[in-house]
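A quick write-up on the structure given underneath.
The values are calculated or read from the model by the stated rules, or taken from the named source; none is laboratory data. All values reported here derive from a predicted model rather than from experimental measurement. Neighbour counts run over all protein chains shown; Cβ positions are idealised from the backbone, glycine included. With ligands, DNA and RNA removed, areas are computed over all heavy atoms of the protein, side chains included. Shrake-Rupley method; radii C 1.70, N 1.55, O 1.52, S 1.80 Å.
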Amino acid sequence: MLRERSADAATGWAVATAADRIRAVFADAGCSGWVHARRCDGSAAEISVGGWDRVVMASAYKLLVCVAFFREVDRGRIDPTDRLTVDPADCTPGPTGIAALRDPITLSRRDLVASMMTVSDNAAADVLLGELGLAAVTDLAAELGLTETRVIGGTADQHRSLVRDTDTHSTAEAFAVLADNDEAWTVSAYDPAYASATTPADMTTLLTQLWSGRVLSTQSTEFVRSIMRDQIWPHRIRAAFPHRDVVVAGKTGTIGIIRNEVAVVEFAGETPVAVAVFTRAARADPDLPVVDAAIGEAARIAVTELRRPTS
């Protein structure tokens with residue numbers, strides 16, 4: 001005799017199905033993947049695929065630097081409008097932001113944060129981390145209960161480890177070596193035991209606390225939300241929600257075979273959903289659109305299961 005599932009049983013069945021579908025997406029894309037998603041309302045509902053496993057952060061660490069910066073602003077220790085001059089020649093290499101310029105540039109510290117978050121500016125991130133100090137980021141993680149999150153340095157530190165591990169002479173040479181599919185490189189930047197690392201669940205904890213307004217002042221909270229919404233990269237989570245009434249506020253992270261994004265997805269009239277997707281590809285190609293698409297699809301599956309109206 002058939003029996004109707006209870007609401008709790010039905011919810012459990014849907015979650016299990018979502019996790020299985022996410023695993024299939026990663027398998028089809030030729031990558032390993034880890035996902036955690038939860039609503040930004042304090043409810044216990046969640047989607048997890050290895051959500052408590054430690055993973056490499058890559059540039060997702062910049063979100064912690066951003067929040068730590070505005071904690072200092074709220075405490076009156078930093079004036080975000082103070083200006084400083086940065087010379088690209090003295091900066092961490094990178095394809096975007098200050099490192100892509102030719103001449104010294106003067107801008108406010110707040111604009112440095114905006115560049116770090118919207119275009120993943122490596123140079124801006126290292127300038128800010130140098131001013132804040134690593135302890136500010138470590139203390140933030142501890143205060144917010146991110147027990148599995150550890151930032152051990154900035155992008156420049158990461159690049160130095162790549163050069164050392166690949167026995168090359170420059171960052172460009174190191175990345176060229178890592179992109180060779182005929183070689184199987186094991187470098188510290190790919191290992192959460194040695195690189196800046198977190199768990200998907202820690203990152204959704206950070207996002208939900210940020211969206212709740214409990215971490216920063218109202219003004220700082222809205223600024224961080226706005227620059228995350230202005231992130232220019234549309235090829236991962238945002239690509240899965242191509243609708244005018246959906247807003248994706250995110251931060252990507254990429255280094256070699258590591259591709260990530262953490263984000264809050266906001267549907268009009270619904271509770272925002274925080275989602276963190278981390279991947280490690282089987283191939284070392286610098287561009288892997290199939291993995292980028294898998295990140296978006298995994299996020300879409302998880303968020304769809306958790307959507308609820310605000311009322």
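Go over the candidates 147, 96 one by one and state the one that is open to solvent by less than 70 Å² (accessible area, probe 1.4 Å) and under 27 Å from residue 215 (Cβ atoms). Break it down stepwise before answering.
Numbers: 147 fails: open to solvent by less than 70 Å² (accessible area, probe 1.4 Å).
Testing whether each residue is open to solvent by less than 70 Å² (accessible area, probe 1.4 Å) and under 27 Å from residue 215 (Cβ atoms) leaves just 96.
Among helices (runs of 4 or more DSSP H) lying entirely in region 118-219, which contain 3 or more residues that are under 19 Å from the mean Cα position of the chain (by Cα) and of a type outside the set (D, E, K, R)? Let's see the steps before the verdict.
Working: elements: 122-132, 134-143, 155-166, 171-178, 200-212.
Of the helices (runs of 4 or more DSSP H) lying wholly inside region 118-219, those with at least 3 residues that are under 19 Å from the mean Cα position of the chain (by Cα) and of a type outside the set (D, E, K, R) span 122-132, 134-143, 155-166, 200-212.
One line per residue, one yes/no per condition, for (1) free of Cβ contacts under 8 Å to residues at least 60 places away in the same chain; (2) surrounded by fewer than 21 Cβ atoms within 10 Å (Cβ to Cβ):
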{"site": "226", "(1), (2)": "yes, yes"}
{"site": "238", "(1), (2)": "yes, no"}
{"site": "242", "(1), (2)": "yes, yes"}
{"site": "261", "(1), (2)": "no, no"}
{"site": "301", "(1), (2)": "no, no"}
{"site": "307", "(1), (2)": "yes, yes"}
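Under 8 Å between Cβ atoms, at least 6 apart or on separate chains: pull out the pairs that start in region 127-155 with a residue that is touching a residue at least 60 places away in the same chain (Cβ under 8 Å) and end on any residue that is basic (Lys, Arg) and open to solvent by 70 Å² or more (accessible area, probe 1.4 Å).
Every condition considered, the pairs that remain are 141/150; 148/54.
(1) touching a residue at least 24 places away in the same chain (Cβ under 8 Å); (2) surrounded by 17 or more Cβ atoms within 10 Å (Cβ to Cβ): which one isn't true of residue 166, the others all being true?
(1)
Output the residue which, of all residues in region 244-259 that are assigned to a strand (DSSP E or B) and closer than 26 Å to residue 43 by Cα, is most open to solvent (accessible area, probe 1.4 Å).
Taking region 244-259 first, the residues assigned to a strand (DSSP E or B) are 246-255, 258-259.
Filter once more, keeping what is closer than 26 Å to residue 43 by Cα: 246-252.
On the way: 246: 16, 247: 56, 248: 8, 249: 0, 250: 0, 251: 0, 252: 10 Å².
Once the filter is applied, the top-ranked residue is 247.
Every residue, every condition in (1) part of a loop (DSSP other than H, G, I, E, B); (2) in contact with a His (Cβ under 6 Å, 6 or more places away or on another chain); (3) open to solvent by 20 Å² or more (accessible area, probe 1.4 Å); (4) at pLDDT 95 or above, yes or no:
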site: 17; (1), (2), (3), (4): no, no, yes, no
site: 22; (1), (2), (3), (4): no, no, no, yes
site: 27; (1), (2), (3), (4): no, no, yes, yes
site: 33; (1), (2), (3), (4): no, no, no, yes
site: 37; (1), (2), (3), (4): no, no, no, yes
site: 42; (1), (2), (3), (4): yes, no, yes, no
site: 47; (1), (2), (3), (4): no, no, no, yes
site: 52; (1), (2), (3), (4): yes, no, yes, yes
site: 73; (1), (2), (3), (4): no, no, yes, yes
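Can you pull out every residue in region 169-183 that is in contact (Cβ under 8 Å) with a residue 12 or more places away in the chain, open to solvent by less than 70 Å² (accessible area, probe 1.4 Å) and more than 18 Å from residue 283 (Cα to Cα)?
Across region 169-183, the qualifying residue is only 171.
Which of the following residues is open to solvent by 20 Å² or more (accessible area, probe 1.4 Å) and within 25 Å of residue 233 (Cα to Cα): 132, 128, 101?
Details: 132 fails: within 25 Å of residue 233 (Cα to Cα); 128 fails: open to solvent by 20 Å² or more (accessible area, probe 1.4 Å).
Sole residue among the options that is open to solvent by 20 Å² or more (accessible area, probe 1.4 Å) and within 25 Å of residue 233 (Cα to Cα): 101.
Scan region 268-287 and tell me whether some residue there is hydroxyl-bearing (Ser, Thr, Tyr), open to solvent by less than 10 Å² (accessible area, probe 1.4 Å) and either in contact (Cβ under 8 Å) with a residue 40 or more places away in the chain or touching a Pro at 6+ places or on another chain (Cβ under 8 Å) (or both). Steps first, please.
At the first step, the residues of region 268-287 found to be hydroxyl-bearing (Ser, Thr, Tyr) are 271, 279.
Filter once more, so that each one left must be open to solvent by less than 10 Å² (accessible area, probe 1.4 Å): 279.
Filter once more, so that each one left must be either in contact (Cβ under 8 Å) with a residue 40 or more places away in the chain or touching a Pro at 6+ places or on another chain (Cβ under 8 Å) (or both): 279.
Looking for residues that are hydroxyl-bearing (Ser, Thr, Tyr), open to solvent by less than 10 Å² (accessible area, probe 1.4 Å) and either in contact (Cβ under 8 Å) with a residue 40 or more places away in the chain or touching a Pro at 6+ places or on another chain (Cβ under 8 Å) (or both), one finds at least one in region 268-287, hence yes.
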